[in-house]
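The values are calculated or read from the model by the stated rules, or taken from the named source; none is laboratory data. If you're wondering where the values come from, they're calculated on a predicted model, not measured in any experiment. All Cβ positions, glycine included, derive from the backbone under ideal geometry; neighbour counts span all protein chains shown. Protein only, heavy atoms only, side chains kept; ligands, DNA and RNA dropped before computing areas. Shrake-Rupley method; radii C 1.70, N 1.55, O 1.52, S 1.80 Å.
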Amino acid sequence: NSETFWTTTGMFPQEFIIGFPKCVKISKVAIQCYLVRTLRIEKSVSKDPVGFEQCIEKDLQHTEGQLQMEEFPLPEFQATYLRFIIKSAFDHFVSVHRVMAEGT
């Protein structure tokens, strides 16, 4: 639901983890957010959300008054968990509205 979102508490870094029921192959990750400056995405293939390794880190463009929509094409890799770390922001608070992962 694009009307709902997760918001930070005002200090950085902030993070959230998305878990899959089993290890999956992912080819692309997309995120819809607001006021995020630097985002890092990490993956884990462990049974538990540990042992993360960095996949990508990017500085996002500031879009005044609009949601940021970023796509990250990734080489096919396997993951059981994805960790999203918001390292910095354009304001004290940011929001994440949607996260999508494509693959099998």
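Taking the condition among the charged types (D, E, K, R) and modelled with pLDDT under 95, does Glu64 pass? Explain how you work it out, then say what you get.
On the way: among the charged types (D, E, K, R): yes; modelled with pLDDT under 95: yes.
Yes.
Just the residues that are in contact with a strand residue (DSSP E or B) (Cβ under 7 Å, 6 or more places away or on another chain) and modelled with pLDDT under 95, please, taken from segment 72-88.
First pass over segment 72-88, keeping only residues in contact with a strand residue (DSSP E or B) (Cβ under 7 Å, 6 or more places away or on another chain): 72-74, 76-88.
The answer is Phe72, Pro73, Leu74, Glu76, Phe77, Gln78.
Would you please list the contacts, defined by Cβ atoms under 7 Å and residues six or more apart or on different chains, that run from a residue in segment 44-56 that is closer than 9 Å to Arg83 by Cα to a residue that is open to solvent by 60 Å² or more (accessible area, probe 1.4 Å) and modelled with pLDDT of 95 or more?
If the second residue must be open to solvent by 60 Å² or more (accessible area, probe 1.4 Å) and modelled with pLDDT of 95 or more, the pairs left are Ser44/Val50; Ser44/Gly51; Pro49/Ile17.
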